[in-house]
Amino acid sequence: MMTTRDPDCIFCKIVAGEIPCAKVYETGTCLAFLDIAPVSAGHALVLPKDHHPTLMDVPASLGGDLLEALGKVGRAVMEATGAEGLNLFQNNYEAAGQLVHHAHFHLVPRFSGDGLRLWTQSSYDDPDEMQRLAKKMADLLK
């Protein structure tokens, strides 16, 4: 049962049954349904039922439930669509492409030659830059 909710959140309204969805999976803590604007047919969303704006707000206690849901839904997406692969995306904040501020994961079925591309990778300008950034992050995590 959902314990936290944002009354303005479209995903909270879907969880509460106020807005219909093409539901594919549900547990006491997670919900999965098809995206209404799919990258490809079968593109599913998996989310915690409780409202958590970003991944960093999701409590660790939901990690096992989310991972189990992602695995089950991912296998179903691939089998139902005949996909050869699957991308898992999770965006946080608008700068990263998050449109709905309720943590959620995109499961996108992929096919050889489907034309979808991942982002361009780059490298560090200074070999020591990566080590400095890693140390700064590690220090923040102490």
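The values are calculated or read from the model by the stated rules, or taken from the named source; none is laboratory data. Being a predicted model, the structure only gives us computed values, none of them experimental. Here the Cβ is made from the backbone with ideal geometry for all residues, glycine too, and neighbour counts use every protein chain on show.
What to note about this one:
- The residue list D65, D139 contains one member that is surrounded by fewer than 11 Cβ atoms within 10 Å (Cβ to Cβ) and at pLDDT 95 or above, which is D139.
- Among residues of the stretch 122-136, those that are exposed (fewer than 10 other Cβ atoms within 10 Å of the Cβ) and either touching a Ser or Thr at 6+ places or on another chain (Cβ under 8 Å) or not in a helix (DSSP H, G or I) (or both), counted: 4
- Residue, surrounded by the fewest Cβ atoms within 10 Å (Cβ to Cβ), within the stretch 71-107, restricted to residues that are hydrophobic (A, V, I, L, M, F, W, C) and in contact with a helix residue (DSSP H, G or I) (Cβ under 8 Å, 6 or more places away or on another chain): L88
- Sole residue being farther than 17 Å from I10 by Cβ, in contact with a Phe, Trp or Tyr (Cβ under 9 Å, 6 or more places away or on another chain) and modelled with pLDDT of 95 or more, chosen from F89, F105, F111: F89
- Candidate set: the stretch 28-84, residues that are part of a loop (DSSP other than H, G, I, E, B) and in contact with a Phe, Trp or Tyr (Cβ under 7 Å, 6 or more places away or on another chain); chosen: the one farthest from I10 (Cα to Cα): E84
- Conditions (1) of a type outside the set (K, R); (2) in contact (Cβ under 8 Å) with a residue 24 or more places away in the chain; (3) out of contact with any Phe, Trp or Tyr (no Cβ under 9 Å at 6 or more places or on another chain): number failed by L99: (2)
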